[in-house]
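Q: What follows is a single structure, and I will ask about it in a moment.
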Amino acid sequence: MIIMGDDAQRVKDKDAQEYNISAARAVAEAVRSTLGPKGMDKMLVDSMGDVTITNDGVTILKEMDIDNPTAEMIIEVAETQEDEAGDGTTTAVAIAGELLKNAEDLIDQDIHPTAVIKGFSLASEYAREEIDEIAEQVDPEDDDLLRSVAETSMTGKGAELDKDTLADLVVRAVQAVTVKADDGSHVVDLQNLKIETQTGRPASASELLSGAVINKDPVQDGMPTDFESANVLLLDEPIEVEEADVDTSVSIETPDQLQQFLDKEEAELRGKVDKIVESGADVVFCQKGIDDLAQHYLARQGILAVRRTKKSDLGFLKNVLDAPIVSDLDDLEADDLATGTIRRDQEDELFYVEGPNSHGVTLLLRGSTDHVVDELERGVNDALDVVSTTVADGRTLAGGGAIEVELASRLRDYADSIEGREQLAVEAFADALELVPRVLAGNAGLDSIDLLVDLRAAHESGDQRAGLDVFSGDVVDTFDAGVVETAHAKEQALSSATEAANLVLKIDDIIAAGDLSTSGGDDEGAPGGAGGMGGMGGGMGGMM
Ligand code: ADP
Ligand code: MG
């Protein structure tokens, strides 16, 4: 027997499934209109009034501030996809939503959820095997193909307008941090790659630089800023007087005592600066603060000092310069310094730092405003991930819905070999995959039903790479047209979508400590915690 509190609510069996499915579907529907090159953007305003404009599935879901447990499971799909593949988040979430929609129809026909779950698992496994079979193995040094992979992931994002420049930068950046192992495999180390953003100039002025870019000013104007070969100190200790214990108060009663106190502080600062001077450092990148007086001493010694360097920048400088980060000036030795070239870009107010072994590159992304640069960065991040995956893994697929239609057709054949009600679930899985070409078409204002018929026909006649060119509205060989995705991202999208759908379907009893209908807050009542979002950014884009 379960004894529940007064506020508790309980929903069981079919009601529980219906409730969960509708919450999950609401989330999926909220992002669907952003799918593909012709997808719309969403404007998200957080509780602080900050605005994000994006087309990126995972960003939308994270910012939506959803407070519904089922909807959160779907958001996890996007997060897993982002972590594991870096791209394909909208696809993964949209497929999860469609799987649940189709599952609901089966449950309405009195098919038990366990049979649906079983069928979905079988289908997902089979589809992933087929992906491996369908995938085109590419040469990891085929620049044109890598650029297509980059462009496909950036199309429809803020990065799109300058996608030629950016795709080329992304490919060169990945290649700069790729090492060919003895066994011929390629290893990409994204740790050696950093993105820096700068507003004020167009995206087409973005560039790939060797070394690090530090967006900081010298602590004093008179300091030297350019060094051909500098001794560089990376420091994460403040060059300040150590704070006296909060409890001890210094009582100063006479002018003499005051003078003594100030002298002591001065001596301490001077001692710290002397340590730096003695080590032979020409440049100090300090993660913490630098006292005014210490700044003055450093300037007098001709040392360039930068304070409050971002932790991530200091970590990257460590890679680029092959130097340790010093955390106690008392232990400082000449050996702790690195040798590097420092240049100051006066106009952009940036430092360019290069090490002797040219470890590490920086992708300097430019854009007119913060909103533009932020969305650019999200697009470029996706592209970096898929290009790295392609270099390391080599398996690619024809996009524009081609792979989904091919998988759906193979799954329908496979379903014939399955007995019982699971067969219907495998077929429902195949139908769910075809959501991708349908939504791509719908978002582009094309007739999704006609196009799906054409696509299916092309695949029936053996054209595995027939997909949708959303710009012309034609069915084409999308691989040849340069719409290329990674097999890895697609496999991941299918497995996380299936897992999430099955997780939702397994629940037949919801026991909530509070009132379910208000768990999403006043204006986001569940189910349909995301209902309010559905109408934003172009709505459903003509979807069925
Ligand atoms: P996701 O978050 O799932 O990556 P996107 O908005 O990036 O969502 O859209 C990805 C989908 O768009 C993929 O199915 C991809 O094949 C398709 N796509 C990208 N470029 C094109 C194109 N030029 N023509 C048709 N489909 C495209
Ligand atoms: Mg994408």
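Q: Against the definition (open to solvent by 20 Å² or more (accessible area, probe 1.4 Å), in contact with a helix residue (DSSP H, G or I) (Cβ under 9 Å, 6 or more places away or on another chain), acidic (Asp, Glu) and within 14 Å of ligand 1 (Cβ to nearest atom)), how does GLU82 come out, yes or no? Before the answer, list the steps.
A: Numbers: open to solvent by 20 Å² or more (accessible area, probe 1.4 Å): yes; in contact with a helix residue (DSSP H, G or I) (Cβ under 9 Å, 6 or more places away or on another chain): yes; acidic (Asp, Glu): yes; within 14 Å of ligand 1 (Cβ to nearest atom): yes.
For GLU82, the condition - open to solvent by 20 Å² or more (accessible area, probe 1.4 Å), in contact with a helix residue (DSSP H, G or I) (Cβ under 9 Å, 6 or more places away or on another chain), acidic (Asp, Glu) and within 14 Å of ligand 1 (Cβ to nearest atom) - is met.
Q: Something else about it: Please verify whether the range 98-114 includes one or more residues that are free of Cβ contacts under 8 Å to residues at least 12 places away in the same chain and acidic (Asp, Glu).
A: Among the residues of the range 98-114, at least one is free of Cβ contacts under 8 Å to residues at least 12 places away in the same chain and acidic (Asp, Glu), which makes the answer yes.
Q: Let me ask you something else. Can you tell me which of THR70, THR89, THR54 is away from ligand 1 (no atom under 13 Å from the Cβ) and either open to solvent by less than 20 Å² (accessible area, probe 1.4 Å) or in contact with a Phe, Trp or Tyr (Cβ under 6 Å, 6 or more places away or on another chain) (or both)?
A: Details: THR89 fails: away from ligand 1 (no atom under 13 Å from the Cβ); THR54 fails: away from ligand 1 (no atom under 13 Å from the Cβ).
Within the list THR70, THR89, THR54, the selection yields THR70.
Q: So GLY86 clears everything in (1) more than 13 Å from ligand 2 (Cβ to nearest atom); (2) within 16 Å of the chain's Cα centre (by Cα); (3) not in a helix (DSSP H, G or I) except one condition, right? Which one?
A: (1)
Q: Among the numbered criteria (1) at pLDDT 90 or above; (2) under 28 Å from PRO202 (Cβ atoms); (3) within 16 Å of ligand 1 (Cβ to nearest atom); (4) of a type outside the set (Gly, Ala, Ser), which single criterion is violated by THR362?
A: So the condition that THR362 fails would be (3).
Q: Just one of the numbered conditions (1) within 16 Å of ligand 2 (Cβ to nearest atom); (2) in a strand (DSSP E or B) is not true of LEU208; which one?
A: For LEU208, the exception is condition (1).
Q: I'd like to check which strands (runs of 3 or more DSSP E) are fully inside the range 451-521 and have at least 2 residues that are among the aliphatic types (A, V, I, L, M) and modelled with pLDDT of 95 or more.
A: Details: elements: 466-469, 474-477, 484-486, 509-512.
Filter on the range 451-521 gives 466-469, 474-477.
Q: Report the residue count in the range 460-498 for those that are without any contact (Cβ under 8 Å) to a residue 40 or more places away in the chain and either in contact with a Phe, Trp or Tyr (Cβ under 9 Å, 6 or more places away or on another chain) or of a type in the set (D, E, K, R) (or both).
A: 3
Q: Test LYS62 against the criterion of being away from ligand 2 (no atom under 15 Å from the Cβ), among the basic types (Lys, Arg) and modelled with pLDDT under 90, and give yes or no.
A: On the way: away from ligand 2 (no atom under 15 Å from the Cβ): yes; among the basic types (Lys, Arg): yes; modelled with pLDDT under 90: yes.
Yes: the conditions hold for LYS62.
Q: Looking only at residues in the range 47-59 that are within 12 Å of ligand 2 (Cβ to nearest atom) and in a loop (DSSP other than H, G, I, E, B), which one is nearest to VAL93 (Cα to Cα)?
A: The selected residue is ASP56.
The values are calculated or read from the model by the stated rules, or taken from the named source; none is laboratory data. These figures come from a predicted structure and were not determined experimentally. As a convention, Cβ positions derive from the backbone with ideal geometry for all residues, glycine included, and neighbour counts pool all protein chains shown. The area values use the complete protein model at the heavy-atom level, side chains included, leaving out ligands, DNA and RNA. Shrake-Rupley method; radii C 1.70, N 1.55, O 1.52, S 1.80 Å.
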